[in-house]
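Okay, structure first, notes after.
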Amino acid sequence: MVMTTSPNCAGSGFTAYMDLPRPDDSDVPLAWGVWGPNDQLGMLNNLLPAKTAAAASLVKTGMRFNLNLPLNLPLGAIGCATHNIRKPPRQTLFKTTYAGLNIRDDKVDDFFLQASTQWDGLTHVGDPVHGFYNNAQDNEITQGVGTRNGIEHFVRYGIATRAVLIDLPRFFSATGQHWSPNGSLVATREDLLACLERQKTKLQQGDLLLVRTGWVHAFREAESDVTRGKLFADRDYSGISGDLDMWEFLWDQRLIGVASDSVTVEAWPLHENRPSLHLAIARLGLLLGEMFDLDALAEDAQQNQQYEYFFVSVPLNLRGGVGSPANAIALR
């Protein structure tokens with residue numbers, strides 16, 4: 001594992017949210033340079049080796065939970081024209097023989113790296129004024145030699161940490177509040193804190209927050225492809241707030257990021273000139289994961305009243321990748 005942390009990752013060198021630079025009139029912080037001028041990891045720097053070792057000690061039973069949807073979902077189940085760029089993958093099987101053996105090979109076309117369970121890389125969203133994370137400019141994102149902020153840096157650093165689950169449908173049901181995975185409902189910072197308190201879970205530096213909205217469950221249980229298509233195409237996903245108080249919460253808790261079963265993590269649609277978690281990719285180096293399958297994990301957490309897991313993800317080692325399938329698993 002290649003470690004590229006700086007002294008700001010530990011001890012008194014941490015820069016609090018309130019002390020981050022605000023170089024323009026928006027009052028939105030810009031956390032560039034916190035981990036040095038050449039950093040290409042962002043908030044993943046909060047994950048230190050001791051944290052990974054401690055997280056591994058959470059594994060007591062050997063239970064393993066796949067967090068990935070099949071690569072053809074959701075787009076392969078909802079027809080054409082549901083996304084302006086992405087398509088479901090097309091798989092081709094090849095047959096041949098060699099030395100008396102039956103040989104099979106295959107390829108995948110239209111393999112969009114963010115069309116199913118996936119990470120947003122640090123070049124997925126740029127700030128319209130300042131550029132991409134840590135002052136990377138568009139002409140430096142080439143996917144060739146020397147390209148900046150590619151997903152390969154996440155791979156080399158390694159994503160293996162403690163993940164804490166927040167199950168919003170169960171929390172809101174237990175507290176008598178309405179919730180739906182669609183409808184653009186917003187879970188606030190206070191909601192997350194109340195859920196954590198209710199399940200007696202404390203966040204730690206280097207944690208990943210797993211937020212279940214119920215979207216994958218609704219998609220999976222839909223009666224028809226037409227219903228599934230509407231769940232996706234209406235683009236009115238419920239999720240967590242993208243406002244600055246959420247930025248402050250995620251930053252000062254020193255998390256590495258947030259992954260959700262929602263298509264967008266945060267409530268959608270976004271509104272122009274308003275803060276969002278997607279903008280925080282550029283300005284904070286926030287790690288965002290979308291369309292994670294958290295249903296089995298949530299059932300296990302409910303049954304055992306345990307909400308922390310050892311989480312491991314291995315993105316594709318693709319130079320300059322804008323995103324990647326998560327290839328994620330949780331263990332306890």
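Observations on the model:
- Among Ser324, Ser57, Ser173, the order by Cβ neighbours within 10 angstrom, fewest to most, reads Ser57, Ser173, Ser324.
- Cross-link pairs Lys87/Lys230; Lys87/Lys107; Lys60/Lys200; Lys51/Lys107 - those with Cα-Cα distance over 27 Å: Lys51/Lys107
Read the figures in this text as sums done on the coordinates, not as results from a lab. On a predicted model such as this, the values are computed, not experimentally measured, just so you know. All Cβ positions, glycine included, derive from the backbone under ideal geometry; neighbour counts span all protein chains shown.
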